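Novice: A single structure is presented below for examination.
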Amino acid sequence: MKKSIFLIFLFLAILQNIKAQEINTTENPSQTEVEKKLFLGLDIVNQYIWRGQAYGGNYITLQPCIEYNFTDNFSFGIWATSNLKKNMYSKDGITPEGYQEFNIYATYFVNDNFSIKLSDYYYPSLDNEEETNNKFFNYGEDAVKAIDLNLNFDFSEIWLPFNVSLSTLIAGNDFKYDENDENPKRNYTSYIEIGYTFEAIFNTFDINTTVGNVLNNKAEYYTYADYNKPSFVNLNLEFSKTFQLNNNISFPISLSYIHNEATKNTEPVGKNFIVTKFTLEY
């Protein structure tokens, strides 16, 4: 972990010395701005944390992404993550080890302040567990799939660099059961997140703060959270900076501290995480 933090500051020092001068161009009303259609990205993180949930243990993880903007309002993308480990759990059968995920998503921007995102999560079991079915188009009780509907409100253009995001699972393996583990009913597990960004602190980096809460988790979709009450699973403080290598390629880096405030079910992974992320974007 200390090596990862050291690498962050080493890259900062090196890139600040070699960064090319940014070219400021004066906007010409007669010129038409060409919007970028295709986005390619690759994240390298020291471990994968999603909404305060630690997946795949404390291993370096690769996360490629491709996104295409069909119009100014609609985009479609594919994102994946893998730490290249072969087993889901370590020898004790409890501590997470290997993890892989493949997501397809579409985003529609209603306006500058409101967007709707639909994500299809696919997280196949590496151990071929009997109670799970790895088929891609299976959305039943034994599925390794879920569809997440996300509503995002962004107030940065009209007020403050502040956003509110609400996500609800609308399909896939998100069922709650009675006391006898029978009679499955869809739970519509929901998660709300509030974020605020302090931009260009000391003209150097941004600070992003996030508070995320699982509202109803009776289906136990969020493994490392309380099951019978809301829980603050994602208290996140992130320092980030983007280096523009040229007109098309950028190199964002970030260092985050994440705390999971759930009162139960966090023992296998812990409650506190430090995450370093290096990204290459085109």
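Novice: Compute the normalised compactness of the range 73-202: alpha-carbon radius of gyration over 2.2 N^0.38 Å, N being the residue count.
Specialist: Its radius of gyration relative to the 2.2 N^0.38 Å reference: 1.30.
Novice: At a 10 angstrom cut-off on C-beta neighbours, averaged per residue, how do the peptides 53-66, 84-97, 263-276, 214-227 rank from highest to lowest?
Specialist: 214-227, 53-66, 263-276, 84-97
Novice: Right, here's the next one. When the Karplus curve 6.51 cos²θ - 1.76 cosθ + 1.60 is applied with θ = phi - 60°, which whole-Hz ³J(HN,Hα) does each residue of the range 255-261 get, with x for Gly and Pro?
Specialist: With coefficients 6.51, -1.76 and 1.60, one gets 10, 10, 10, 10, 10, 9, 8 Hz.
Novice: Here's something else I'd like to know. What value does the range 53-143 have for Rg/Rh, both radii from Cα atoms and Rh as Kirkwood defines it?
Specialist: 1.07
Novice: A further question follows. Taking the Cα of Asn247, stepping 7 Å toward and past its beta carbon, and measuring to each backbone N in the range 260-282: which are under 19 Å?
Specialist: Only 281-282 pass the distance filter.
Novice: Among the listed pairs Lys218/Lys277; Lys36/Lys241; Lys86/Lys145, which have their C-alpha atoms separated by more than 24 angstrom in this model?
Specialist: The pairs that break the limit, which is 24 Å between Cα atoms, are Lys218/Lys277.
Novice: Roughly how tilted is helix 2-18, in degrees to the nearest 10 and between 0 and 90, from the longest Cα axis of the chain?
Specialist: 20 degrees
Novice: Over the chain, what relative contact order in percent results from Cα pairs under 8 Å that are six or more residues apart?
Specialist: Rounded, it is 14 percent for the chain.
Novice: Quick query: amide H of Leu215 versus all other amide H atoms, modeled in the peptide plane; which residues come in under 5 Å with a sequence gap of 5 or more or a different chain?
Specialist: Here the answer is Ser190, Tyr191, Ile192, since their amide H atoms fall under 5 Å of that of Leu215.
Novice: Say R0 is 30 Å: what FRET efficiency, to the nearest 0.05, do Lys86 and Thr263 get from their beta-carbon distance?
Specialist: So the FRET efficiency works out to roughly 0.35.
Novice: Let me ask something additional. Mean residue ellipticity at 222 nm from the helices of the chain, using -39,500 (n - 2.57) per DSSP H segment of n ≥ 4 over the full residue count, to the nearest 500 deg cm²/dmol?
Specialist: Computed ellipticity for the chain at 222 nm equals -2000 deg cm²/dmol.
Novice: Shifting gears a bit: Any idea what diffusion coefficient the range 139-282 gets from Stokes-Einstein, in µm²/s, Kirkwood Rh on alpha carbon pairs, 20 °C, 1.002 mPa s?
Specialist: Calculated translational D: 123 µm²/s.
Novice: For the chain, treating each Cα as an identical point scatterer without solvent, what Debye log10 I(q)/I(0) comes out at q = 0.07, 0.11, 0.13 1/Å?
Specialist: Values, matching the q order: -0.29, -0.73, -1.03.
Each value in this text was obtained by applying a stated rule to the coordinates, not by laboratory testing. The model shown is predicted, which means the values in this text are computed figures rather than measured ones. No Cβ is skipped: glycine too gets one built from the backbone with ideal geometry, and neighbour counts run over all protein chains shown.
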